[in-house]
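The values are calculated or read from the model by the stated rules, or taken from the named source; none is laboratory data. None of these values were measured; they are calculated from a predicted model. With ideal geometry, Cβ positions are generated from the backbone for all residues, glycine too; neighbour counts draw on all protein chains shown. Accessible surface is based on the protein model in full, side chains and every heavy atom, while ligands, DNA and RNA are left aside. Shrake-Rupley method; radii C 1.70, N 1.55, O 1.52, S 1.80 Å.
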Amino acid sequence: MATRAGRSETLFLRLLLLAGLSVTIMVADHRTDYLQSLRSILAAAIVPVQWVAAVPSRVVDSVNSWLESEEDVRARLDRLRNEHVQLKAQLQRLQAMESENASLRRLLAAAEQVPDKVLMAELVEVSLDPYTHKILVNRGFRDGIYVGQPVLDQEGVMGQVTEIMPFSSAVTLITDPSHGLPVQVRRNGLRAIALGTGQSDELKISYLTPNADIQVGDILVTSGLGGRFPRGYPVAEVKELISDASEAFLRIAADPVARLDRTNQVLLVWHGLAKQADPAQQPDPAAQTEPPEPAAAGQ
Amino acid sequence: MVVLLSFLISFVLVMLRLPDWAMPYQPDWVALVLIYWVLAMPQRMGPGIAWVTGLLVDVMHANLLGIHALGMALLAYLTFRVHLRMRVFPWWQQAVAVFVLLMIYRASTGWIRGLVTPLQLDYSYWLPCIVGALIWPFLFAVLRDAGRFARHL
């Protein structure tokens, strides 16, 4: 019996030790990035696990695409073709406007805006912690990804990279409760902060006084303040405005425009002002294209 | 060997992408497997191994490192404290004990996470504990048979 009690005691001591170690690690991981290498090593160890876990959804995907009828494929191809022509036409106008903008900026002696480089990435279909809004994408620091890198889909801003592993990285979505994003109203440039709520279809816009000029239906775009996100990408549409006399600020709910829970492909953006990763490190120059610019704001 | 394999399978199950409606019910597979092995071989499975396992769970979830590590170490210790009693329990009583252990595990990890980032938890946070307790008798039988099979090999 004495040995059992002794074992229990040593186990308790070990537990205390491990608890101390855990707290140290948590603080170190929260405040610094010294643990990035430890995370990378462990992440490399679980790559096979990730691969196996993603097999069922890959199978489902391929079976689905296999079962797709010829008419469906044709219809989709037609739609994509139409879209392609339309986008090309828009792009021509955009290029003209960009060069005009550059020469106007030179006239004003303002800094020229560096066009952002982008890289396509695919979603890895594994489940992360269900209580945070994160997704895993198949590009890691081998592709020159950096922490804080903006992530978009074809509709708008999705979030930013928060953890980098060798072959993949975790993206915190704008709806995560810990995420805040500086935005402005596209109509009039009014600045605000869009906070995540933990629901995948809602953002909260904070710190706007009741006399602020904002309406239901307004499009919010990134303001570029903070330097992390490029300016002018659509973020959300204002869905609901509640003005309560007892509160100092408006309560505003907005719908994210990016398809946060449905996209399979995302764009990673190298933002000109942010910590610039060496463009030579990007492996696939063909994958780099100019990002789609949101439509002009004027009527 | 069986231990390693069962942990690997539990990792895959944790990372498996389920349909959205099923996500809140996904039990803590790794925690369940850990409880089983502490009961089966208490002299070899200690908080140390549990801690390393938890660290891997943190990496898989892209969480702050150390949260699940601490939770798992605590879980292993508590399971060790009650393992003699739990071994003689009938299956339903064992399931209840597992439910309580899972609740403590979830409470500890949820609490630490709440300290670091704002986190909104509702009743659905505790659903996996119920699912875990319901799965326990089956998991117990499977792992016991797997262990016996491996010993005969």
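Any residue that is charged (D, E, K, R), within 11 Å of chain B (Cβ to nearest Cβ), within 22 Å of B:Ala73 (Cα to Cα) and open to solvent by 70 Å² or more (accessible area, probe 1.4 Å) - is there at least one of those in the stretch A:36-57? No, the stretch A:36-57 has no match at all. Residue count for the stretch B:31-45 satisfying the condition of being under 14 Å from the mean Cα position of the chain (by Cα) and within 11 Å of another protein chain (Cβ to nearest Cβ): 2.
Which members of the stretch A:175-197 meet the condition of being touching a Phe, Trp or Tyr at 6+ places or on another chain (Cβ under 8 Å) and open to solvent by less than 50 Å² (accessible area, probe 1.4 Å)?
Answer for the stretch A:175-197, where residues must be touching a Phe, Trp or Tyr at 6+ places or on another chain (Cβ under 8 Å) and open to solvent by less than 50 Å² (accessible area, probe 1.4 Å): A:Leu181, A:Pro182, A:Ala192.
Please find, within the stretch B:46-60, the residue that is nearest to B:His83 (Cα to Cα) out of those that are facing chain A (nearest Cβ under 7 Å) and part of a helix (DSSP H, G or I).
By that ranking, first place goes to B:Pro47.
Every condition in (1) under 17 Å from the mean Cα position of the chain (by Cα); (2) of a type outside the set (Phe, Trp, Tyr); (3) at pLDDT 90 or above is met by B:Asp145 except one, and the failing one is (1).
Residue by residue, here is whether (1) within 20 Å of B:Leu70 (Cα to Cα); (2) modelled with pLDDT of 85 or more; (3) surrounded by fewer than 11 Cβ atoms within 10 Å (Cβ to Cβ) holds:
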site	(1), (2), (3)
A:Phe12	yes, yes, no
A:Leu17	yes, yes, no
A:Ala28	yes, yes, no
A:Val63	no, yes, yes
A:Ser69	no, no, yes
A:Glu83	no, yes, yes
A:Lys88	no, yes, yes
A:Ala109	no, no, yes
A:Gln113	no, no, no
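Is there a residue being under 25 Å from B:Leu115 (Cβ atoms), of a type outside the set (Lys, Arg) and open to solvent by less than 10 Å² (accessible area, probe 1.4 Å) anywhere in the stretch B:81-94?
Taking every residue of the stretch B:81-94 in turn, none turns out to be under 25 Å from B:Leu115 (Cβ atoms), of a type outside the set (Lys, Arg) and open to solvent by less than 10 Å² (accessible area, probe 1.4 Å).
Please specify each residue of the stretch B:14-29 satisfying the condition of being at pLDDT 90 or above and assigned to a helix (DSSP H, G or I). Listed by number, the list holds a single entry, B:Trp29.
There is no residue in the stretch A:152-171 that is in a helix (DSSP H, G or I), over 16 Å from the mean Cα position of the chain (by Cα), farther than 24 Å from B:Gln26 by Cβ and outside the structural domain of A:Ala53 (by TED's automatic domain parsing).
Would you check if B:Leu32 is touching a helix residue (DSSP H, G or I) at 6+ places or on another chain (Cβ under 9 Å), assigned to a helix (DSSP H, G or I) and open to solvent by less than 10 Å² (accessible area, probe 1.4 Å)? Spelling it out, B:Leu32 is indeed touching a helix residue (DSSP H, G or I) at 6+ places or on another chain (Cβ under 9 Å), assigned to a helix (DSSP H, G or I) and open to solvent by less than 10 Å² (accessible area, probe 1.4 Å).
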